[in-house]
Amino acid sequence: MGSIDVYARVRPLLQRELHEEAPRVVQTTDGVVAVQVETDGTLRERRFRFGRVFGEATTQAQVFTACALPLVDAVMNGASACCLSYGQTGTGKTHTMLGAMDGLIPRCMGALFERVDGARVSYVEIHNERVADLLSDRTSLDIRDDCGVVGAEVVDVSSLDEVLDVLRLGAERRAIASTDLNERSSRSHTIFSVEVNGATLRLADLAGSEKWRTEELRDYSKHRIKELTSINQSLSALANVVSALKDGRPHVPYRASKLTRLLRDAFCGGRCAFVATLSPSSLCADETISTLHFARRAMRVRTFACEVAPEITSGNNPRRVRELEAALQSARA
Ligand code: ADP
Ligand code: MG
């Protein structure tokens, strides 16, 4: 049995928000995010409780120690794990995952290298339900049922410097692939994977979760609408997986999107962390509430082992198969 650990992280107000003199409507206290919302002219406070809440003064190191270090330990013990940053565009997903190379990805790798000499990493982007490699020019890659990406470049790394090179290469490729990097990054998921000891840790910087307004849609091109629809589909697929796990339903719809297919092994009895990123500004209040609803839904979800897929059984990873079978047995017991 695994779990999803949910964290909320509120960033400081940005210059832009300070300029607009938009008030701060989010307060954090021990384990609680409180949001002031105005409905019909009355101000109300809505409170959301989480295992851990990171206020704006929280450092990258503190977020790492709380959210991601347990995942590194899980992977060292042979379980799969994933960490997702989820939230509206501009709330700190990339800052949390990557930052100025001081985010969760480099820190996880640093922690791994204290325990092992080498690991294998890959870096992909999911855009419009297509998986593109960020470390080669390959696009439209398939996802195997054991969650590997077919044809994605896998790089052997044995030092943090080598990891940073990989991350920079990925960032360059994304920049080449897009005319507007910020816009692209709000519409695609990037997933960094590290394989060590036969288990995989995936760190995903998700597409912006914001809803678009129907009046905006009218002005959008076909391409843009397709893009928005596919983001919506994959984030809904993620929400549906979380709901199915939460309700203990026997069928968990992993296959509904590339994102959930890729994260399936972590959800199947592995350990997952969600970091819900939030702006404290009144300008973002509606999206803040909807991110908090999603995060609350994911809380206290227990992940359970999946049926062993035939692809895995016939594969050449007997250790993983034995582990899955053992996990299955204990889940049934
Ligand atoms: P997202 O990836 O969710 O669109 P970013 O990570 O790009 O958002 O963050 C938007 C801006 O806010 C960036 O300029 C980033 O440096 C800043 N920012 C985000 N989170 C924090 C934080 N916790 N502390 C300081 N600055 C932050
Ligand atoms: Mg981003």
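Compute the acute angle (0 to 90°) between the alpha-carbon long axis of helix 222-246 and the principal axis of greatest extent of the alpha-carbon atoms of the chain; round to the nearest 10°. Taking Cα atoms only, the helix is inclined about 70 degrees. By the rule of a C-alpha distance below 29 Å, with chain neighbours fewer than 8 residues away ignored, the lysines paired with K226 are K93, K211, K258. Counted residue by residue at 0.36 nm each, then reduced by the alpha carbon distance between them, the extension gain from S236 to A177 reaches 18.7 nm.
With loop membership from DSSP and a limit of 16 other Cβ atoms within 10 Å, the longest segment of the chain without chymotrypsin sites (Phe, Trp or Tyr not before Pro) is 1-211. Over 30 Å apart: what share of the alpha carbon pairs of the chain falls there, rounded to a whole percent? Result for the distance tail: 33 percent.
Output the 0 to 90 degree angle, nearest 10, between the alpha-carbon long axis of helix 285-298 and the longest principal axis computed from the alpha carbons of the chain. Taking the Cα atoms of the chain, the angle to 285-298 is about 30 degrees. Between G148, G51, G78, the Gaussian network model of the chain with springs among Cα atoms under 10 angstrom shows the greatest mean-square fluctuation at G51. Computed from the C-beta positions of S140 and W212, the FRET efficiency with R₀ = 22 Å rounds to 0.30.
Could you work out the local net charge near I105, counting Lys and Arg as +1, Asp and Glu as -1, over the other residues with Cβ closer than 11 Å to its Cβ? Residues close to I105 contribute a combined charge of 0. Describe numerically, in nm with one decimal, the distance between label points set 7 Å from Cα along Cα→Cβ at I289 and at Q36. Using points 7 Å along Cα→Cβ, the separation is 1.5 nm.
Let me check against my output: what whole-number percent is the relative contact order of region 147-210, with C-alpha pairs under 8 Å and at least 6 apart?
Relative contact order for region 147-210 comes out at 20 percent.
Determine the dipole magnitude for the chain: charges of +1 sit on the beta-carbon of Lys and Arg, -1 on that of Asp and Glu, nothing else is charged, the reference point is the Cα centre, and the result goes in debye to the nearest 20. Roughly 980 debye for the chain. Per residue, the average separation of C-alpha pairs within less than 8 Å and at least 6 apart gives the chain a relative contact order of 29 percent. Model label sites at R300 and L164, defined 7 Å from Cα along the beta-carbon direction, differ in position by 4.3 nm. As a calculated quantity, the FRET efficiency between R44 and V116 at R0 = 45 Å, using C-beta atoms, amounts to about 0.35. Here the contact order of region 2-65, divided by its residue count and restricted to Cα pairs under 8 Å and six or more residues apart, works out to 38 percent. Straightening the chain between N77 and D247 buys 58.4 nm, computed as 0.36 nm per residue apart minus the Cα-Cα spacing.
For a straight C-alpha distance cut-off of 18 angstrom, the aspartates and glutamates reachable from K246 (same-chain residues fewer than eight places away being disregarded) are D5, D265, E307. Excluding same-chain neighbours fewer than eight residues apart, the aspartates and glutamates reachable from K222 by a Cα-Cα span under 20 Å are E129, D180, E183, E210.
Put simply, the Cα atoms of region 80-214 extend 51, 29, 27 Å along their principal axes, the longest span coming first.
Throughout, read-outs are computed from the coordinates displayed, never taken from laboratory work. Owing to the predicted nature of the structure, the values given are computational and were not obtained by experimental measurement. Here the Cβ is made from the backbone with ideal geometry for all residues, glycine too, and neighbour counts use every protein chain on show.
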